[in-house]
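The values are calculated or read from the model by the stated rules, or taken from the named source; none is laboratory data. Treat the numbers as computed from the prediction; the structure is a model and nothing was measured. Here Cβ is always computed from backbone atoms with ideal geometry, including for glycine, and neighbour counts include all displayed protein chains. In case anyone asks, the SASA skips ligands and DNA or RNA and just uses the protein heavy atoms, side chains included. Shrake-Rupley method; radii C 1.70, N 1.55, O 1.52, S 1.80 Å.
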Amino acid sequence: MTAGLLAAGGLAVGLSTAGPAQAASGTFTNSAPIAVVDNGSTTSSIQVSGIGGRITDVDVVLNGLGHAHPSDLDIWLRGPGSNPIAVPLMSDACGTTNVGGRTLTFDDAAAGPVPTGCATGSYRPTNIGGGDTTPSGATTLSSTLAGFNGTNPVGTWQLVVFDDTLNDGGSITGGFTLKITTGPAAISIPTTGLATPYPFQRTVSDQPGRITDVDVVLNGVFHTYPDDLDLLLVSPAGASTLLMSDVCGGTDLVNANLRFDDSAAAAMTDGGPCTSGTFKPSNDDNTDVFNAPAPPGPYGDELSDLAGGVANGTWRLYVVDDDTSDGGFITGVQLVIKTDAVPNTVITKKPKRSTKARKATIAFKSTKGDSTFQCKVDKKGWKSCASPLRLKKLKPGKHTVLVRAIDNSGRRDASPAKVTWKIRR
């Protein structure tokens, strides 16, 4: 039995690796006017979707801020999820003189804080004094927008505007804008509907033989309501397994590493919460429907349903978010595939049959992409090695090197590759 690992969005050392996913950026605006309630609060929301990967930068623009006494304002940005972060963009800033039509950009990289008079411009978040009311439900407070870095951008963001003193009011006539930049992700999951790409595809070409076992590893999974997630794996032969559906409840998945393996101790729980770990395929709803080009149901409920088919070909992972308001992304996807083929060792570079050189380079590969190697040099014992094998300070005479591939199931090439040559005096 042999095993292979195909990775995307991350590096699997010594194993075949898919091309890197791309970073992303997006601009999102809610242009509805925001009325500032005198001695009260109001909230405006933006639904962020269609962007995946961990946040690397957030900027915020207030479009058309006006207020008779702007130092009354405490304006916060509240992030998505069940454990949201909140950042005070401006609090007790700008002074006491009536202002209107200001466009304020909040950017950690700006030169300075919001000045008195709050002229249109770009500024760092500015919080003067303390004791301010914080947004409801915010579990983490940050003084900078960098507090959002590393988190999930998808979901509902809120601009929460407090006016903390009587007698003056104002508005933000053009609403607000979010500018979000993220790192790479293999799969972006929207607040509802089909993920991008749909399906996620990877082609396996170095796993001959018939499948005996498959595991699936999802690295860096973020979602603000994982119960919305439906994941379907389809093999090159068209066999399918529903990996997870309607499980894990409503607590955020934050950088979770999830392995699906029939031999795991248990499935994911319906109510959650779910954390990193190894699980059986987990389905709490047998009515799931995946849009074309996914195959129609019914779908398999165990990874063993894929056994017996060919491993080489295009594998497809279909990801759907089946409800509204919440989303996320998957940083990387790995397939751990075992087949019944035995690895075969192939020499790709060797020394001349007769040479005066006291050193030699021998390169080799395996017909199985997941293989490691052992080498036997002359009368020495077998030792772990890697291609290319470089030998130095060799003595004159005949030399022999044997190389054998070993797959991840421990099966060795029964006929090691052989290289012989002679070093002349």
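Considering only residues of the stretch 313-325 that are at pLDDT 95 or above and of a type outside the set (Gly, Ala, Ser), which is farthest from Gly193 (Cα to Cα)?
Thr314
Check off (1) open to solvent by less than 20 Å² (accessible area, probe 1.4 Å); (2) of a type outside the set (D, E, K, R); (3) part of a strand (DSSP E or B) for Pro343 and give me the number that stays unchecked.
(3)
Which one of these is over 19 Å from Phe28 (Cα atoms) and open to solvent by 60 Å² or more (accessible area, probe 1.4 Å): Ser136, Ser91?
Being over 19 Å from Phe28 (Cα atoms) and open to solvent by 60 Å² or more (accessible area, probe 1.4 Å) holds for just one of Ser136, Ser91, which is Ser136.
Report yes if some residue within the stretch 188-202 is within 30 Å of Lys365 (Cα to Cα) and in contact with a Leu (Cβ under 7 Å, 6 or more places away or on another chain); otherwise report no.
There is at least one residue in the stretch 188-202 that is within 30 Å of Lys365 (Cα to Cα) and in contact with a Leu (Cβ under 7 Å, 6 or more places away or on another chain).
Out of the residues in the stretch 406-423 meeting the condition of being closer than 12 Å to Ala341 by Cβ and touching a Pro at 6+ places or on another chain (Cβ under 9 Å), tell me which one is surrounded by the fewest Cβ atoms within 10 Å (Cβ to Cβ). Don't jump to the end; show me each part of the working.
Here is the first cut: in the stretch 406-423, the residues closer than 12 Å to Ala341 by Cβ are 407, 409, 411, 413.
Now narrow it down to the ones that are touching a Pro at 6+ places or on another chain (Cβ under 9 Å): 407, 411, 413.
Numbers: Asp407: 25, Arg411: 18, Asp413: 23.
Residue satisfying both the conditions and the ranking: Arg411.
Considering only residues that are open to solvent by 60 Å² or more (accessible area, probe 1.4 Å) and at positive phi, which ones fall in the stretch 139-169?
Asn167
Considering every residue within the stretch 218-239, establish whether at least one is open to solvent by 10 Å² or more (accessible area, probe 1.4 Å), of a type in the set (Asp, Glu) and in contact with a Phe, Trp or Tyr (Cβ under 9 Å, 6 or more places away or on another chain).
no
What strands (runs of 3 or more DSSP E) completely inside the stretch 164-241 contain at least 1 residues that are more than 30 Å from Thr42 (Cα to Cα) and in contact (Cβ under 8 Å) with a residue 12 or more places away in the chain?
Hits in the stretch 164-241: 187-189, 200-204, 211-223, 229-234.
Here's a check for you: in the stretch 38-55, which residue that is open to solvent by less than 70 Å² (accessible area, probe 1.4 Å) and among the β-branched types (Val, Ile, Thr) is farthest from Asn219 (Cα to Cα)?
Thr42
When the stretch 260-293 is examined, which residues are found to be among the hydrophobic types (A, V, I, L, M, F, W, C) and part of a strand (DSSP E or B)?
Phe260, Ala267, Phe279, listed by residue number.
Identify all residues within the stretch 170-217 that are open to solvent by less than 10 Å² (accessible area, probe 1.4 Å) and among the aromatic types (Phe, Trp, Tyr); write none if there are none.
The one that is open to solvent by less than 10 Å² (accessible area, probe 1.4 Å) and among the aromatic types (Phe, Trp, Tyr): Phe176.
Considering only residues that are open to solvent by less than 10 Å² (accessible area, probe 1.4 Å) and assigned to a loop (DSSP other than H, G, I, E, B), which ones fall in the stretch 94-108?
Cys94 - this is the single residue of the stretch 94-108 that is open to solvent by less than 10 Å² (accessible area, probe 1.4 Å) and assigned to a loop (DSSP other than H, G, I, E, B).
Which one is farthest from Asp340 (Cα to Cα) among residues in the stretch 371-388 that are among the hydroxyl-bearing types (Ser, Thr, Tyr) and surrounded by 14 or more Cβ atoms within 10 Å (Cβ to Cβ)? Working first, answer last.
Here is the first cut: in the stretch 371-388, the ones among the hydroxyl-bearing types (Ser, Thr, Tyr) are 371-372, 384, 387.
Next cut, surrounded by 14 or more Cβ atoms within 10 Å (Cβ to Cβ) only: 371-372, 387.
Values: Ser371: 14, Thr372: 17, Ser387: 25 Å.
Looking at residues that are among the hydroxyl-bearing types (Ser, Thr, Tyr) and surrounded by 14 or more Cβ atoms within 10 Å (Cβ to Cβ), I get Ser387.
Among (1) within 44 Å of the chain's Cα centre (by Cα); (2) more than 12 Å from Ala405 (Cα to Cα), there is one condition Arg358 misses while meeting the rest; what is its number?
That leaves (1) as the condition not met.
Under 9 Å between Cβ atoms, which residue pairs at least 6 apart in sequence (or on different chains) link something in the stretch 118-134 that is over 18 Å from Leu159 (Cα atoms) and assigned to a strand (DSSP E or B) with a partner that is open to solvent by 40 Å² or more (accessible area, probe 1.4 Å) and hydroxyl-bearing (Ser, Thr, Tyr)?
Close Cβ pairs (under 9 Å, with a partner that is open to solvent by 40 Å² or more (accessible area, probe 1.4 Å) and hydroxyl-bearing (Ser, Thr, Tyr)) amount to Gly121/Thr103.
Restrict the check to the stretch 4-23 and report whether at least one residue is modelled with pLDDT of 95 or more, open to solvent by 30 Å² or more (accessible area, probe 1.4 Å), under 23 Å from the mean Cα position of the chain (by Cα) and closer than 26 Å to Ile330 by Cβ.
Checked the stretch 4-23: no residue is modelled with pLDDT of 95 or more, open to solvent by 30 Å² or more (accessible area, probe 1.4 Å), under 23 Å from the mean Cα position of the chain (by Cα) and closer than 26 Å to Ile330 by Cβ.
With the requirement that a residue be open to solvent by 40 Å² or more (accessible area, probe 1.4 Å) and either at pLDDT 95 or above or among the aliphatic types (A, V, I, L, M) (or both), what does the stretch 276-295 give you?
Residues satisfying the conditions are Ser276, Thr278, Lys280, Val289, Asn291, Ala292, Pro293.
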